[in-house]
Amino acid sequence: MENGKQWKVTVDGVERSYPAGTPYRAVAADVQKDYAHDILLVNRDGKLCELHKTVDRDCTLKMVTAEDKPGIQTYERSAVLLMLRALYDTAGRENVERVTVEFSIGHALFVRVKGALTPDQPLLDRVEARMRELVSLALPLDKRSVPTDDAVELFEKTGMRDKARLLSFRINSRVNIYTLDGFSDYFYGYMVPDTGYLKWFALRLFEDGFVLQLPGQKDPEHLAEFRPSRKVFREMHDATLRGEALGITNVAEMNDIVAEGKATQMILSHEAMMEKQIGDIAQEIARRKDVRFVMIAGPSSSGKTTFSHRLSTQLMACGMRPHAIATDNYFKNRADTPRDENGQYDFESLGAMDIEQFNGDMKRLLAGETVEIPQFNFKKGIREYNGDYLTLGEQDVLVIEGIHCLNDQFSHALPRESKYKIYISCLTTLNIDDHNRIPTTDARLLRRIERDARTRGYSARATIQMWPSVRKGEENNIFPYQDSADVVFNSALIYETALLKPYVEPLLFGVPRDCEEYVEAKRLLKFLNYFLPIPADDVPKTSLLREFIGGGCYKT
């Protein structure tokens with residue numbers, strides 16, 4: 001306490017007085033009754049603070065729960081530390097060579113374990129029981145700041161060489177380490193005060209590892225239903241194995257390559273791998289003689305436009321004649337467009353599309369008729385016909401891109417065998433280290449921030465502000481249909497975050513401190529700080545990343 005000094009703390013418009021040195025946890029306890037979910041952090045005048053921090057000034061606090069993005073991320077990180085401690089306790093530290101938290105799948109985290117143990121369900125049941133025992137003890141997640149060199153030495157001694165190597169690239173003189181019941185680890189982000197906050201979790205055997213099931217942001221008091229997309233999982237798992245084979249599974253390993261001056265070869269090899277995958281898809285389409293419609297869908301900033309161009313090039317190499325069709329041209333006229341619950345035009349819903357007109361035109365093309373393809377005039381809000389006629393010959397195929405292309409309701413009149421459906425997404429598998437994953441949404445958001453700034457003049461703040469709405473549309477209209485695809489194409493390039501860093505950092509620094517989006521901008525800046533930058537000089541003009549940074553040979 002500071003000689004009885006009192007500070008004014010305002011929460012939800014109510015001002016209270018607290019002695020200097022009062023933990024924010026005590027402030028949170030005073031207002032917890034007003035919140036439906038546990039308070040996990042506080043936002044003090046735009047800065048996130050953990051609950052062990054203390055009152056040291058007059059301030060306004062916003063309570064952060066798992067219903068908020070920073071809150072659910074805090075819960076996830078803390079649960080990972082709890083799981084690691086329990087796994088080492090149960091299996092024995094000497095039997096565990098490596099634990100990797102690899103990616104999110106079906107609202108759970110996929111984890112693999114290497115060592116002298118068999119990760120079967122009985123073992124997982126014992127680990128889960130130990131987790132619950134640690135929760136019942138409400139053990140603190142102690143945070144301490146240590147010299148970076150000392151942290152590197154600690155992680156070398158404990159066999160966490162991925163973290164030791166990661167921190168060796170840090171220019172900061174000190175780093176924060178969290179310790180739970182004698183087990184220390186490094187995490188990128190905030191944590192809960194103690195294990196008593198971690199009430200909801202489960203462990204389940206899955207494929208060659210297991211999943212840590214956690215609550216979702218929409219319902220923090222219940223485990224999210226585990227409904228994994230097998231096709232997406234297989235693509236992400238295969239990408240992880242490819243990364244392991246190339247010796248690039250985390251940021252430190254990539255930083256080593258950049259520091260050794262080998263970035264160009266890394267770029268070219270990964271671009272070549274992607275081109276081969278696109279070529280393989282084109283060959284599969286060519287083999288299916290009945291396919292006349294290639295339907296492509298994926299979430300925002302997946303690189304759908306460049307992928308469509310590159311696929312068309314490969315289809316031509318297979319002797320086919322591709323024609324691009326944009327489903328935007330089949331929007332209903334503005335006057336007939338449905339509105340959402342806020343009274344705004346809902347352009348992303350299936351109801352905004354003239355489904356019958358689309359199916360009628362495609363059926364006529366399939367029957368060999370000549371069809372005039374409409375053009376949607378976005379300024380006037382109407383469809384127009386400008387003499388764009390199309391007839392399908394024997395080798396012709398339509399390449400159709402749009403958010404509803406995987407939904408069979410959109411193309412209900414077309415025979416299944418005439419369609420080849422492709423789900424494309426940026427499925428990042430490169431992680432910061434073994435215990436700190438990079439969400440795939442972060443990679444797409446970075447792409448979107450740069451593209452919006454370059455092509456639309458949007459600020460990073462504006463892009464971050466609209467991102468939740470974009471994500472909601474994806475959840476409703478794209479993700480439910482991803483398993484109906486014939487193939488999943490992963491548009492992530494292992495080097496892309498290092499490449500985007502010099503483009504995006506200045507934009508993020510431009511987000512004002514006094515706005516809600518600052519918290520997310522600061523998190524992304526901290527995330528980018530782990531990467532050594534890569535210049536764009538050696539990125540091919542055909543690269544999918546050119547859709548976002550510019551300089552490509554395709555019209556996007």
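Couple of notes before you dig in:
- Computed from backbone phi with θ = phi - 60° and the Karplus coefficients 6.51, -1.76 and 1.60, the 3J(HN,Hα) list for segment 403-409 is 5, 9, 5, 8, 7, 5, 5 Hz; x is used for glycine and proline.
- Cα convex hull, segment 459-508: 84 Å³ per residue, rounded to a whole number.
- Distance from the C-alpha centroid of segment 55-86 to that of segment 279-306: 41 Å, rounded to the whole angstrom.
- Computed with every protein chain present, the accessible area of Thr440 is close to 40 Å² [probe 1.4 Å].
- Dimensionless Rg over Rh [segment 101-222; C-alpha; Kirkwood]: 0.98
- When segment 51-175 is reduced to its Cα atoms, the Kirkwood hydrodynamic radius in Å: 17.2
- The string of couplings for segment 256-271 from the Karplus curve (6.51, -1.76, 1.60, θ = phi - 60°) is 4, 5, 5, 5, 7, x, 10, 5, 4, 5, 4, 4, 5, 5, 6, 5 Hz, one whole number per residue in order, with x for Gly and Pro.
- For the listed peptides 449-455, 20-26, a ranking on the average number of other beta carbons within 10 Å per residue, highest first, reads 449-455, 20-26.
- For Ile422, residues with placed amide H under 5 Å, excluding near neighbours: Met295, Ile296, Ala297, Asp486
- Where the Cα pairs of segment 380-457 fall when distances are cut into 10 Å bins, in %: 12, 24, 30, 24, 7, 2
- Compactness of segment 397-539 as Cα Rg over 2.2 N^0.38 Å, two decimals: 1.21
- Gain in span if fully extended, Asp388 to Asp125, counting 0.36 nm per residue against the direct Cα distance: 88.4 nm
- Centre-to-centre, using Cα atoms only, segment 425-444 and segment 314-358 are separated by 30 Å.
- Thr327 - accessible surface, heavy atoms, 1.4 Å probe, Å² rounded to 10: 10
- Percent accessible area from carbon and sulfur atoms, segment 229-281, protein chains only, probe 1.4 Å: 58
- Amide H contacts under 5 Å for Gly216, placed H, 5+ residues apart: His222, Ala224
- Cα Rg, Dmax (largest Cα-Cα span) when computed across segment 341-388, Å: 13.5, 44
- P(r) weight above 11 Å for segment 377-421, C-alpha pairs, percent: 78
- Unit charges at the beta carbon, dipole of the chain: most positive-side option, Pro512, Pro215, Thr429: Pro512
- Pairs of alpha carbons in segment 208-261 separated by more than 16 Å make up 62% of all such pairs.
- Expressed in units of 2.2 N^0.38 Å, where N is the residue count, the Cα radius of gyration of segment 414-494 is 1.32.
- Kirkwood Rh in Å, taken over all unlike Cα pairs in segment 25-104: 14.7
- Stokes-Einstein diffusion coefficient of the chain, Kirkwood radius over Cα pairs, 20 °C, 1.002 mPa s, in µm²/s: 83
- Three-way shape call for segment 247-381 based on the alpha-carbon gyration tensor, with the a/c threshold at 1.5: oblate
- Helical content of the chain, expressed as a calculated mean residue ellipticity at 222 nm, amounts to -11500 deg cm²/dmol (DSSP H runs of 4 or more residues, -39,500 (n - 2.57) each, divided by residue number, nearest 500).
The values are calculated or read from the model by the stated rules, or taken from the named source; none is laboratory data. Worth saying up front: this structure is predicted, and the values here are computed from it rather than measured. No Cβ is skipped: glycine too gets one built from the backbone with ideal geometry, and neighbour counts run over all protein chains shown. Calculation scope for accessible area: heavy atoms of the full protein, side chains included, ligands and nucleic acids excluded. Shrake-Rupley method; radii C 1.70, N 1.55, O 1.52, S 1.80 Å.
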